[in-house]
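Right, one structure below, let's go through it.
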Amino acid sequence: MTSHSDSPAEAVDRLHAPAPVREALQALLSAAPQASTTAVGLHRKGRRALIVRGRTAHHGGVPADAGTRFEVGSLTKTFTALLLAEQAARGELDLHDPLARHLPPGTAMPPGGSALTLTHLATHTSGLPRLPPGLLRSAVPRFLSNPYARFTTDEVLHALARTRLRAAPGARVRYSNFGVGLLGHALTGAAGTSSYAALLDDRVLTPLALRDTCCTTTPPVGGTQATGYWHRRARPPFHIPGLAAAGAVRASARDLLTYVEHLLDPASAEVPPALGAGLSDVLRPRLRLPRGSGLALIWNVRPRRDGSHLYHHAGGTRGCTAFAGFNPHHGTALVALANTSPTLPSTPLLQQAYTTLLAL
């Protein structure tokens with residue numbers, strides 16, 4: 001399935017956007033020079049535009065389009081948060097349920113872990129470390145290609161008992177792939193299924209008509225997928241079996257833009273009632289951080305001087321970089337994808353995506 005792609009000038013005209021957007025867009029499309037393709041989706045006051053440049057690979061790829069899939073890394077966490085809110089609206093669980101209630105029987109918790117709730121996991125206040133014990137040791141042979149590939153669900157659950165909490169649950173914010181990965185296992189437990197991918201597809205992706213988006217490493221029939229690169233070296237497809245809820249999703253610019261458009265105006269989304277309630281609930285601020293920033297369920301929230309709130313999150317794998325952000329008050333949204341790994345510490349693509357969103 002293909003989709004029309006605009007030029008930056010056409011996108012600005014289509015969106016009736018102010019002049020600075022054109023300059024910001026040009027900078028954004030040039031912010032990942034080691035990528036073979038960059039895709040940007042923009043929404044402004046009911047109008048949308050999609051801009052895609054390049055090919056799916058540096059050598060032997062095909063022209064990329066708005067339906068080309070990219071690994072979105074930690075943007076997966078926002079989908080997990082929406083799944084959590086949807087299940088809460090169904091009554092399958094409560095946001096403040098103990099984690100242990102929804103894990104397999106006999107799963108051992110760390111000292112102090114009985115106080116861990118699902119909300120702690122979805123706001124990075126669980127006190128859990130960023131990665132489960134034992135993962136780095138298993139990742140060494142594949143550290144620059146697929147560090148999570150051999151770490152299974154069983155190993156994740158067994159690692160929980162060996163974990164030392166870095167802080168009491170609820171005491172401080174500490175970003176944790178481990179925590180959101182465990183949240184995914186709790187959600188499947190509450191739903192009575194063993195597959196995060198299948199549950200996400202049934203409850204979120206299909207109702208939102210996100211046809212290019214799923215956790216599989218290969219694209220749908222007839223679709224295309226960008227090869228990931230690290231310093232222009234091709235990376236194998238990213239695997240994260242034990243922590244799928246923290247980073248397994250692949251999506252296109254077209255789908256990601258549709259996704260954040262539903263979050264811009266949850267009340268207008270034509271979706272099942274539980275998902276509609278989840279779209280609203282996932283945006284409710286849960287924590288206030290220093291300098292006025294905050295956290296909703298996974299989403300970062302930054303207040304603006306005009307009283308509005310900007311929601312944003314980023315993601316990265318060994319081969320791709322992703323950004324999504326939106327401001328419901330202004331009716332603006334932006335997604336950006338490139339098939340090259342984040343270049344820490346500056347990550348120009350993410351910085352420029354945020355700047356372009358503000359320019360909208």
Given (i) 26, 51, 22, 1; (ii) 31, 55, 10, 4, 0; (iii) 32, 60, 9, the label whose value is P(r) over Cα pairs in 20 Å bins from 0, in percent derived from this model: (iii)
query: In percent, what relative contact order does the range 214-360 have, based on Cα pairs under 8 Å that are 6 or more apart in sequence?
result: 21
message: Distance between the C-alpha centers of the range 1-78 and the range 310-343? Whole Å please.
response: 11
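Which trypsin sites (Lys or Arg not before Pro) from the range 185-262 combine a DSSP loop assignment with at most 14 other Cβ atoms within 10 Å?
ARG232
Quick one: grab the alpha carbon gyration tensor of the range 305-350, order the square roots of its eigenvalues as a ≥ b ≥ c, and give me rounded if a/c is under 1.5, else prolate or oblate depending on whether a/b is larger than b/c.
prolate
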message: For the pair ARG233/VAL62, report the inter-label distance in nm, with labels modelled 7 Å from Cα in the Cβ direction.
response: 2.9
Fluctuation leader among ARG44, ARG304, ARG53 - the chain, Gaussian network, Cα springs under 10 angstrom: ARG304
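With every protein chain left in place, what is the accessible area per residue of the chain in square angstrom, probe 1.4 Å?
On the way: 14710 Å² over 360 residues.
It amounts to 41 Å² per residue over the chain.
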- request: Calculate, for THR217 and ALA115, the FRET efficiency according to 1/(1 + (r/R0)^6) with r their C-beta to C-beta distance and R0 41 Å; round to the nearest 0.05.
  value: 0.65
- line: Cα-based Rg then Dmax for the range 220-360, in Å, read 16.1, 47
message: At 7 Å along Cα-to-Cβ for each site, give me the label-to-label distance between SER30 and ARG291 in nm.
response: 2.7
query: With a ≥ b ≥ c the root eigenvalues of the C-alpha gyration tensor of the range 178-300, is it rounded (a/c under 1.5), prolate (a/b larger than b/c) or oblate?
result: rounded
Gaussian network model of the chain, springs between alpha carbon atoms under 10 Å - residue of ALA85, ALA190, ALA333 with greatest fluctuation: ALA190
- prompt: Using just the C-alpha positions of the range 70-222 as equal point scatterers, what log10 of I(q)/I(0) does the Debye formula give at each q in 0.10 1/Å?
  reply: -0.35
- line: If the chain between ALA161 and ALA267 were fully extended at 0.36 nm per residue, the gain over the current Cα-Cα distance would be 34.0 nm
message: Using only the heavy atoms of the protein chains and a 1.4 Å probe, how would ARG150, ARG286, ARG90, ARG14 rank by accessible area, largest first?
response: ARG150, ARG90, ARG14, ARG286
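So, R0 is 22 Å and r is the distance between the beta-carbons of ARG284 and ARG172; what FRET efficiency does that work out to, to 0.05? Walk me through the numbers before you get to the answer.
On the way: r = 21 Å, r/R0 = 0.94.
The pair ARG284/ARG172 has a calculated efficiency of 0.60.
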Carbon plus sulfur fraction of accessible area for the chain, probe 1.4 Å, in percent: 52
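The values are calculated or read from the model by the stated rules, or taken from the named source; none is laboratory data. Treat the numbers as computed from the prediction; the structure is a model and nothing was measured. We place every Cβ from the backbone using ideal geometry, glycine too, and count neighbours over all the protein chains shown. Calculation scope for accessible area: heavy atoms of the full protein, side chains included, ligands and nucleic acids excluded. Shrake-Rupley method; radii C 1.70, N 1.55, O 1.52, S 1.80 Å.
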